[in-house]
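Inspection log for the structure reproduced underneath, given as structure tokens.
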Amino acid sequence: MKRVLLVDDAATVRMYHRQVLKQKGFQVDEAINGVEALEKAVSCRYDLYLVDVNMPKMDGYSFVRELRSRLDVRQSPVVMVSTESQEKDRLAAFAAGANYYVIKPAKPEELVFLAKVMTGEAEL
């Protein structure tokens, strides 16, 4: 079973993403900000990170940059999910080290497809 860490300060978004992914067989953990997510990333191996951009304590960009600086998790796939829809936001996510960028609200089929492709459960 592939393991996903949802990183988002909005409880409703985490609940939605958790339900969609659990229904498709993913094991899902949650963090409410980048600081908590880093603590979890150190203690557990994740196959995918779904990360919000705007969060308190540590935003998504900072979390991804920090994640990419750690050798043990450097290659883990990251999908940033945000309400920020301008090109500069998407480019900032890629510059930080994200593999993909999705604008909220993510459609369930898009979320599942991305999770499967990013974790090696499906091919493009």
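The values are calculated or read from the model by the stated rules, or taken from the named source; none is laboratory data. Owing to the predicted nature of the structure, the values given are computational and were not obtained by experimental measurement. Note that we place each Cβ from the backbone using ideal geometry, even for glycine, and neighbour counts take in every protein chain shown.
Couple of notes before you dig in:
- Pairs linking a residue in region 53-74 that is more than 16 Å from GLU39 (Cβ to Cβ) to a residue that is assigned to a loop (DSSP other than H, G, I, E, B) and at pLDDT below 95, with Cβ atoms under 6 Å and 6 or more positions apart or on different chains, are VAL53/GLU84; ARG68/ARG74.
- Of everything in region 62-88 that is within 25 Å of VAL112 (Cβ to Cβ) and hydroxyl-bearing (Ser, Thr, Tyr), the residue that is farthest from the chain's Cα centre (by Cα) is SER85.
- Restricting the search to helices (runs of 4 or more DSSP H) fully inside region 42-124 and requiring at least 3 residues that are closer than 21 Å to MET15 by Cα gives 108-118.
- Check on ASP9, surrounded by 21 or more Cβ atoms within 10 Å (Cβ to Cβ) and either of a type outside the set (A, V, I, L, M) or free of Cβ contacts under 8 Å to residues at least 24 places away in the same chain (or both): no
- Among (1) crowded, with 17+ Cβ neighbours inside 10 Å; (2) without any contact (Cβ under 8 Å) to a residue 24 or more places away in the chain, the one test that GLU109 misses: (1)
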